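See below for the structure under consideration.
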Amino acid sequence: MQKIVIVGGGAGGLELASRLSRTLGRKKLAEITLVDRSRTHIWKPLLHEVAAGVIDKHSDGVDYAIHAAAHHYRFQLGEMCAVNASDKTIALKPLFDEEGTQILPEREIHYDQLVLAIGSVSNDFGTPGVAENCYFLDSLQQAERFHRALLNQLIRINQQEDKNARIDVAIVGAGATGTELAAQLHHVANLSKAYGMPAMSASRLKITIVEAGERILPALPERIANAARKALYQLGVDIKEQTMVAEADEAGLITKDGHRINADLMVWAAGVKAPDFITQLGLFDTNRANQILVDKQLRSTTFDSIWVLGDCCGFQQDDGRWVPPRAQSAHQMAEVVAHNLTALFTGKASKEFTYKDYGSLVHLSKYSTVGSLMGSLSNSSMFIEGRLAKLVYVSLYNMHQFAVHGKCKGALKLLVKKLSQAISPKLKLH
């Protein structure tokens with residue numbers, strides 16, 4: 001039986017495993033294995049909400065082992081450290097528990113077809129002190145680590161006798177993650193008043209967003225950026241555009257012009273790249289963002305049996321632009337790779353990947369949702385905001401649920417989540 005190994009259980013990887021399990025896996029045409037270093041999947045656009053504490057991984061996450069048992073594929077917990085393209089094997093690092101005791105030794109997994117969907121990590125551009133002093137939101141573990149630090153700061157300020165004491169938070173990078181996190185933190189500071197912190201409110205939280213570019217949300221249309229900026233200003237968020245960070249230390253950030261931004265918590269959300277070890281493997285053609293270059297069918301340019309999707313995939317469009325590292329890109333790529341892998345077993349024709357930009361949305365907690373929808377009948381885009389924009393934003397998450405669980409189970413999961421939200425606390429305090 002042919003072995004298909006998928007490395008990375010993010011939006012694209014988990015959707016691909018789910019699609020293949022319903023075709024090749026169920027019909028026993030192939031053995032499908034998903035590898036991930038985490039036990040739980042959280043849709044990456046929601047990680048800032050995990051960090052803020054407004055969603056819980058237990059209600060919004062997918063347990064890989066349980067999902068695999070129900071969907072005709074296998075799950076291996078581990079982190080890939082090597083690829084042997086000649087022998088068609090990958091190596092996984094030894095697995096240790098929290099006390100450092102080894103659970104599993106280094107392992108090898110054989111593949112006939114390998115799919116790399118290992119996502120991306122924040123790019124600190126080598127800025128001194130960032131790795132040591134800033135929080136990142138690349139993974140569930142990092143988001144939970146920031147949440148614990150945030151709770152400690154909320155408790156500290158709530159107990160301060162000095163009512164002018166505040167929490168200073170600096171967010172570097174004004175893309176979707178940075179701007180959405182700022183709004184969620186404002187919301188959480190107010191929520192905490194109802195959960196045992198009566199002296200806490202958003203007035204005791206100072207949020208500064210630092211953006212090196214000319215404006216916030218540089219990858220999105222200017223009208224969306226302007227609407228988001230207005231909403232953030234109304235929340236009291238300090239936005240510093242055209243401001244480059246030169247250094248970070250324990251007390252805050254130092255800008256290129258020597259200005260200091262004091263901060264109790266610092267989050268780095270400025271740019272992404274594929275993990276460095278991709279280039280260190282020496283197997284692939286890569287671009288400046290470490291992404292693996294692929295052909296029209298999303299196979300690596302160096303090995304026909306290795307496919308790539310999601311943030312680590314370098315696909316250059318006919319106009320010279322690279323497909324952006326976004327959830328909708330991973331979703332579209334997973335659909336094409338699923339078709340092409342299935343075609344290997346069914347004799348059908350393969351499909352070429354064409355990226356379709358369906359627009360962009362920014363959800364600023366309960367305060368505002370703004371975005372644009374790309375017109376399907378024209379080349380123009382339609383600006384949306386308010387309830388309509390929020391409805392479209394929620395529908396994107398729903399589409400992911402349907403892709404992962406199927407329509408029936410996906411609908412049931414969404415119903416259970418809705419009921420849980422009605423009776424559960426609105427803020428996670430652990």
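Yes/no matrix, rows are residues, columns are (1) part of a loop (DSSP other than H, G, I, E, B); (2) over 30 Å from Arg148 (Cβ atoms):
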site	(1), (2)
Gln242	yes, yes
Ala248	no, no
Gly258	yes, yes
Ala270	yes, no
Gln280	no, yes
Ala289	yes, yes
Lys296	yes, yes
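Here Ala91 clears all of (1) part of a helix (DSSP H, G or I); (2) free of Cβ contacts under 8 Å to residues at least 40 places away in the same chain except the condition numbered (1).
For (1) outside the structural domain of Asp304 (by TED's automatic domain parsing); (2) in contact with a His (Cβ under 9 Å, 6 or more places away or on another chain); (3) at pLDDT 95 or above; (4) closer than 18 Å to Ala330 by Cβ, each residue gets a yes or a no:
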site	(1), (2), (3), (4)
Gly100	no, no, no, no
Glu108	no, no, yes, no
Tyr111	no, no, yes, no
Val115	no, no, yes, yes
Asp138	yes, no, no, yes
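Which count do you get for residues in the stretch 31-46 that are surrounded by fewer than 22 Cβ atoms within 10 Å (Cβ to Cβ) and not in a loop (DSSP other than H, G, I, E, B)? Residues that pass the stated criteria total 5.
Tell me yes or no: at least one residue of the stretch 312-325 is in a helix (DSSP H, G or I), in contact (Cβ under 8 Å) with a residue 40 or more places away in the chain and surrounded by 22 or more Cβ atoms within 10 Å (Cβ to Cβ).
So the first thing to find is which residues in the stretch 312-325 are in a helix (DSSP H, G or I), and the list is 312.
So of that shortlist, the ones also in contact (Cβ under 8 Å) with a residue 40 or more places away in the chain come out as 312.
Narrowing the set further to residues that are surrounded by 22 or more Cβ atoms within 10 Å (Cβ to Cβ) leaves 312.
Yes.
Among the residues of the stretch 174-196, those identified as in a loop (DSSP other than H, G, I, E, B) and either on the phi < 0 side of the Ramachandran plot or touching a strand residue (DSSP E or B) at 6+ places or on another chain (Cβ under 7 Å) (or both) are Ala174, Gly175, Tyr195. All conditions but one from (1) surrounded by fewer than 23 Cβ atoms within 10 Å (Cβ to Cβ); (2) over 26 Å from the mean Cα position of the chain (by Cα); (3) of a type outside the set (Lys, Arg) apply to Met200; the one that does not is (1). Return a yes/no flag: does the stretch 110-117 have any residue that is among the hydroxyl-bearing types (Ser, Thr, Tyr), under 21 Å from Val50 (Cα atoms) and surrounded by 15 or more Cβ atoms within 10 Å (Cβ to Cβ). No - not one qualifying residue is present in the stretch 110-117. Across the stretch 118-143, which residue is surrounded by the fewest Cβ atoms within 10 Å (Cβ to Cβ) among those that are among the aliphatic types (A, V, I, L, M) and out of contact with any Pro (no Cβ under 8 Å at 6 or more places or on another chain)? Result: Ala131.
Candidates Phe96, Phe146: the one that is touching a strand residue (DSSP E or B) at 6+ places or on another chain (Cβ under 8 Å) and either within 26 Å of Gln291 (Cβ to Cβ) or crowded, with 20+ Cβ neighbours inside 10 Å (or both) is Phe146. Of all residues in the stretch 384-404, those that are closer than 20 Å to Ile224 by Cα and either free of Cβ contacts under 8 Å to residues at least 60 places away in the same chain or among the β-branched types (Val, Ile, Thr) (or both) total 11.
The values are calculated or read from the model by the stated rules, or taken from the named source; none is laboratory data. Note that the structure is predicted; figures quoted are calculated from it, not measured. For neighbour counting, all protein chains shown are included, and Cβ atoms are generated from backbone atoms with ideal geometry for every residue, glycine included.
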